[in-house]
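What follows is a short report on a single structure.
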Amino acid sequence: MAALIGRMWRSAFTHVLRDVSNVSPRIQPSGHPCTRWIFGKNANSLQTGRSLSSSPHSLSANKPTTDIDTTTESSDEVLSLKSTTSKKRKKRKKEKHQGTSKQDVDRERLKKEESVLLSEEVEPRSPRVWVMDKHGEFCLKDVKSPNKSAPGGDTRMEMMEDPPDDGQAWSIPDIYESEEFRRCVQAAERSILVHCPQRTISECITVCESMAPVSRVLKIHNKAILVTYESDISDILAGGFRKCNSDAVSIKQTEKRVFLMWINRKKFNSTQQPVCKNISVLKQRNYQRLLMNETIEGQMKILGNRTKNQSERQQVLFFLRQCIQDVVDLTQPNYLVVPFGSVLNGFICDTSDLDTALVYTGSRQKQANETALLSEIAKKLKMLDSYNSILSIFHARVPIIKYHNRLLEVGGDISYQSINSSGKTATICLNALSRCSPSVVPFIMTVKLWTKLYVDWFPSKFVFTALALFYLQRCQIIPPIQNIKVINKSPVDGEDWKCVETVETKSLDRLLCGFFQFYKDFDFNVYDICLKSGKIIPKLDHQYTIIMNPFCGNKNSEEYMAARIRDWNVARIQAAMAESVRILSESPSTLLQPTEQHWNTPTNEPFKFNKRKR
């Protein structure tokens, strides 16, 4: 059909040009590619015929030599165009044959550029940043270079200047080798979960004490109890619980460490009381109400106190890790379930979930495929009644399995990582950074809550944690990541990190306001941030804002690039920060209690686990 239409157009234009060829030479076709496409091979022949014609009305009859020269030049242009197009086709075929993709080329280019740029110090082009004046108010000022600054002037809070790098390494202990971590793992191995009605919880504790001595009991949402024994419970898990079955007590084992218990209160001896005195309740407080009628600094302190006294929550998460380990042992016993994230990094709260990674501990020759291993674990979890809303996400950069435990009311995810994974390294470093200054934990927890309220549409929440950590590095509250050295022995010999304590860093509200002001005016079109060196570097990619993972040492790993943010997403994030600056200037106490008019971007509901339809 396309060939037929082309012929019709060629024939029509040919007849028209034959009729008017003696009127004006300007409409004669030349060797231009567009004309070549319309008239085909007849274009040059028509022009040559008209130029050599001996018609008395032809204006070109007196100058045949000039017309022939122009014809040869046009033919040369067509030949050069053909050669360039053929070269492009050959290049495309060669790239397709080699199998090189655009992502691989971009990744190699970024690695080369980053290795060069990390060693360079950037001198920004006279930006303007928000600095606090003598009256305690923020104002825009031009950044002064260290050479031109006035003697005795304090330019430290002007964030575009690089902080001084003393080059000293800060040694921190490995929390995975600590006694506290081993104690939590051993306590989870000696624990069982008993599902029972609320009215029979005390009787269930008495029955559990009849099996073996109990050291601790934790009530979970008035529907289950987590019982921790003083010694090994291999006999109870192997069937020793059946000796307690009677007309008044009925125990059923649903999983390896999960039991369902019924008690007939009419036949049960109610005179027996629990002997264990270490009985606690897992509390989940509504901190949204506690934030009401408080200043912004008081709200940040309340959020910082959420991380304290979370031993019960940590006990529940470690027990869930042990249950996942039991499921993995059924499929691949050579894999170890390693927890990381908020359970160990010092930022745990009563809504934290469990992040785990599968680490291979056997020989390399018998290592299984990660996708096949995760799919097999997902099938095992679907067979258990305690787990629901199991979602397998294998198309992501790092394949994971999301799940939810309905008895513990805790969610989590399982991923596949190497033994020196970035998640484990990040957990060790963040645990040490949380103890650098009393303002670190309240500030990070506030940024996390702000992320859920204002930019919940963005998929990666680690990006905002990275932005907050980089801002603390600019304030010299925490050190650069490259200055941190992990040592297995504990305690560690050496001095602790000495942060710079000023009025701006001690005041939490000023610290939060400076965070929003800093990134609201940050020029992401020219610069990127580097948490590893704590410096501002030139932009690595002109299409994206790239945030590298400072805790990943392998440049070939998929985890090396933490996030690539599009320009319009950066604009939305900066708009949300500008809105936060406006709220802090008008009514600071309403920042963490936003209404619909304060939300700059549409908020989404929290992630809900939905079962896939079979």
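Before moving on, here are some points about what is shown:
- Prolate/oblate/rounded call for the stretch 167-273, Cα gyration tensor, a/c under 1.5 rounded: prolate
- The residues of the stretch 164-275 expose on average 52 square angstrom of accessible surface per residue, using a 1.4 Å probe on protein heavy atoms.
- As a fraction of the 1.4 Å probe accessible area of the stretch 352-460, surface on carbon and sulfur atoms comes out at 50 percent.
- Cβ-derived FRET efficiency at R0 45 Å, residue 270 paired with residue 507, nearest 0.05: 0.20
- Judged by the gyration tensor of its Cα atoms, with axes a ≥ b ≥ c, the stretch 243-375 is oblate; a/c meets the 1.5 cut and b/c is at least as large as a/b.
- Shape of the stretch 293-347, Cα gyration tensor, a/c cut at 1.5: prolate
- With Cα atoms defining each centre, the stretch 370-440 and the stretch 502-553 are spaced 27 Å apart in the structure.
- Set 301/452; 308/461; 424/532; 301/506; 402/461; 308/448 screened for pairs whose C-alpha atoms are more than 20 Å apart: 308/461
- Taking the inverse of the mean 1/r over every pair of distinct Cα atoms in the stretch 521-594 gives a Kirkwood hydrodynamic radius of 14.2 Å.
- Label-point separation in nm, residue 570 to residue 278, each point 7 Å along Cα→Cβ: 5.3 nm
- In this structure the amide hydrogen of residue 561, modeled in the peptide plane, comes within under 5 Å of the amide hydrogens of 549, none closer than 5 places in sequence on its chain.
- On the basis of the beta-carbon distance and an R0 of 41 Å, residue 292 and residue 202 show a calculated FRET efficiency of 0.70.
- When every Cα-Cα distance of the stretch 298-428 is counted in 10 angstrom steps from zero, the calculated P(r) takes the values 12, 42, 33, 11, 2, 0 percent.
- Each peptide in 319-330, 256-267 receives the mean, over its residues, of other Cβ atoms within 10 Å, and ordering these scores from highest gives 319-330, 256-267.
The values are calculated or read from the model by the stated rules, or taken from the named source; none is laboratory data. Note that this is a predicted model, so its numbers are computed, not measured. Counting neighbours? That spans all protein chains shown, and the Cβs are built from the backbone with ideal geometry, glycine included. When the accessible area is computed, the model is the full protein with side chains, heavy atoms only, and any ligands, DNA or RNA have been set aside. Shrake-Rupley method; radii C 1.70, N 1.55, O 1.52, S 1.80 Å.
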